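A short write-up of the structure that comes next.
The values are calculated or read from the model by the stated rules, or taken from the named source; none is laboratory data. None of these values were measured; they are calculated from a predicted model. A quick note on method: Cβ atoms are made from the backbone with ideal geometry, for glycine too, and the neighbour counts reach across all protein chains shown. Protein only, heavy atoms only, side chains kept; ligands, DNA and RNA dropped before computing areas. Shrake-Rupley method; radii C 1.70, N 1.55, O 1.52, S 1.80 Å.
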Amino acid sequence: MTGVLLRRLVGLLLTLLAASLVVFVVLDILPGDPAALMLGTSARPDTLAALRHQMGLDQPAWLRYALWVAALAHGDFG
């Protein structure tokens, strides 16, 4: 009984990890810049760069995903 429960729990965690990876990749490859959308089309390049840095968009995708999963593990869903 415990073995079945453990296998299902591991399967659930792997499924959640795979789903989060798919969602992250799809959102990452969508066209558009979140910083440019927030600031508008008339934003200055230095302001855009500062917002991208503040949001962590200047980091590699694998690092942003790892930080996002770590934040999820701590209860930060934002």
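Check every DSSP H run in the chain and write down those whose alpha carbon atoms cover 27 angstrom or more along the long axis and whose mean Kyte-Doolittle hydropathy is 1.0 or greater.
Both cut-offs are met by 2-29.
Can you give me the distance in nm between label points at residue 53 and residue 27, each placed 7 Å from the Cα along the Cα-to-Cβ direction?
2.4 nm
Just reorder 51, 5, 17 by solvent-accessible area, largest first, 1.4 Å probe, all chains present.
5, 17, 51
Can you send over the carbon and sulfur percentage of the accessible area for the chain, probe radius 1.4 Å, protein chains only?
So the carbon and sulfur contribution to the accessible surface is 72 percent.
Using a probe radius of 1.4 Å on heavy atoms only, what accessible surface per residue do you get for the chain? Whole Å² is fine.
For the chain, the solvent-accessible area averages 81 Å² per residue.
Please give the charge dipole size of the chain, origin at the Cα centre, charges +1 on K and R Cβ atoms and -1 on D and E Cβ atoms. Round to the nearest 20 debye.
Dipole magnitude for the chain comes out near 300 debye.
With the dipole of the chain worked out from charges on the C-beta (+1 for Lys and Arg, -1 for Asp and Glu) around the Cα centre, which of 23, 35, 63 lies farthest toward the positive end?
Result: 23, furthest along the dipole toward the positive end.
Between residue 65 and residue 7, what's the calculated FRET efficiency when r is the beta-carbon distance and R0 is 25 Å? Round to 0.05.
The formula returns an efficiency of 0.45 here.
Dividing the convex hull volume of the Cα atoms of the chain by its residue count, what figure in Å³ per residue is obtained?
94 Å³
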